[in-house]
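Note sheet for the following structure.
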């Protein structure tokens with residue numbers, strides 16, 4: 001029971017679990033023009049490509065117990081990463097708006113929504129199409145409503161945006177919950193071993 005006397009279901013409790021994490025995130029305000037997206041894509045393409053290609057491989061290698069740095073698989077993965085980077089860079093230079101890549105972003109994540117910082121003008125009530133990539137490489141897609149926007153004290157041009165998922169596949173929500181529980185378990189284990 002909650003402090004108000006309401007019964008809380010296990011599914012509701014799971015939605016309240018929150019973690020701070022760094023994930024690959026892309027979003028688009030519904031109704032944005034292609035011109036706005038093209039300008040944004042062109043300005044960040046090199047950094048986004050590098051992050052998009054390198055982070056999943058690094059996560060995979062970090063989570064794979066059987067693959068070690070001496071493994072013959074590592075050079076091949078690095079070569080594939082390099083080739084993907086080359087191909088995507090070429091495509092992005094030809095038509096920047098055609099290559100929408102997620103950026104590594106600090107997020108507060110729960111099964112019910114997320115919060116992140118952005119320079120893009122976003123207002124309460126805006127609907128966002130969101131794509132997340134959970135480690136090692138699990139895409140999650142959702143529609144979300146902006147429920148809060150707060151300017152940052154450290155950077156006047158940035159804001160912290162909080163969104164609530166309005167449409168997300170049940171399997172994607174379960175992936176989020178598993179990721180959150182896994183990260184919490186890792187952090188608790190590290191805290192126990194370290195202190």
Note the per residue figure in Å³ for the convex hull of the C-alpha positions in region 81-195.
164 Å³
Ranked 137, 165, criterion: other C-beta atoms within 10 Å, fewest first:
137, 165
For region 140-195, what is Rg from Cα atoms divided by 2.2 N^0.38 Å, rounded to two decimals?
1.59
Taking alpha-carbon centroids only, region 122-138 lies from region 172-188 a number of Å equal to 17 Å
Based on the mean of other beta carbon atoms within 10 Å per residue, what is the order of 152-162, 107-117, most packed first?
107-117, 152-162
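Read-outs throughout are calculated quantities, based only on the coordinates presented, and are distinct from any laboratory measurement. Just so it is clear, the model here is predicted, and its values are computed rather than measured. Using ideal geometry, Cβ is built from the backbone for each residue, glycine included, and neighbour counts are taken over all protein chains shown.
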